[in-house]
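Nothing in this text is a laboratory measurement; each read-out follows from the coordinates by a stated rule. All of these numbers come straight from a predicted model, not from anything done at the bench. Here the Cβ positions follow ideal geometry from the backbone for every residue, glycine too, while neighbour counts run over all protein chains shown.
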Amino acid sequence: MTSDISIRREDGVVVVAPVGEMDAVTSPALADALDDVLAAPLPKGVVVDLAKVGFCDSRCIGVLVSAFRQARDLGLGLIVAEPQQQVNRLFVIAGIDQVIPIDASTDHAVGALKG
């Protein structure tokens with residue numbers, strides 16, 4: 001499977017929205033997109049919109065945790081938004097929901113970061 005990743009800005013917050021499956025093959029593209037966003041002129045924060053991601057494996061989780069730490073080190077917030085039920089369940093089982101903020105709404109996450 002392949003994945004498409006769109007990136008848009010909303011009031012200084014960057015929304016990264018992958019589509020498809022996030023696995024060992026496609027997660028490196030998400031890592032590259034997040035690295036590019038965090039290396040650009042600093043946004044107010046980053047929202048990773050997972051509404052259209054039907055599958056996420058341990059590689060995807062690693063990418064998200066790494067990006068969260070990188071954002072934190074830059075003094076930025078990073079929120080994962082709208083994970084589908086199966087993906088959210090994986091986050092809970094893996095304890096990721098205790099590390100990375102997860103929001104049920106992308107719009108709410110953007111609002112929280114633009115402060």
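Fully extending the segment from Asp97 to Gln84 would add 3.3 nm, taking 0.36 nm per residue of separation and subtracting the current Cα-Cα distance. Our Cα-only numbers for the chain put the radius of gyration and Dmax at 12.6, 37 Å. Rounded to the nearest 500, the 222 nm mean residue ellipticity of the chain from helices alone is -13000 deg cm²/dmol, with -39,500 (n - 2.57) taken per DSSP H run of at least 4 residues.
Here the spin labels are modelled as points 7 Å beyond Cα on the Cα-Cβ line, and at Arg9 and Ala104 they lie 3.2 nm apart. With +1 on the Cβ of every Lys and Arg and -1 on the Cβ of every Asp and Glu, and nothing else charged, how large is the dipole of the chain about its Cα centre, in debye rounded to the nearest 20? For the chain, the charge dipole is close to 220 debye. State the extension gain, in nm to one decimal, for the chain segment bounded by Ala40 and Asp57, taking 0.36 nm per residue of separation less the distance between their alpha-carbons. Net length gain for the segment: 3.4 nm.
In order along the stretch 60-72, phi translates into HN-Hα couplings of 4, 4, x, 4, 5, 5, 4, 5, 4, 5, 4, 4, 4 Hz, rounded to whole numbers, per the Karplus curve 6.51 cos²θ - 1.76 cosθ + 1.60 with θ = phi - 60° and x for Gly and Pro.
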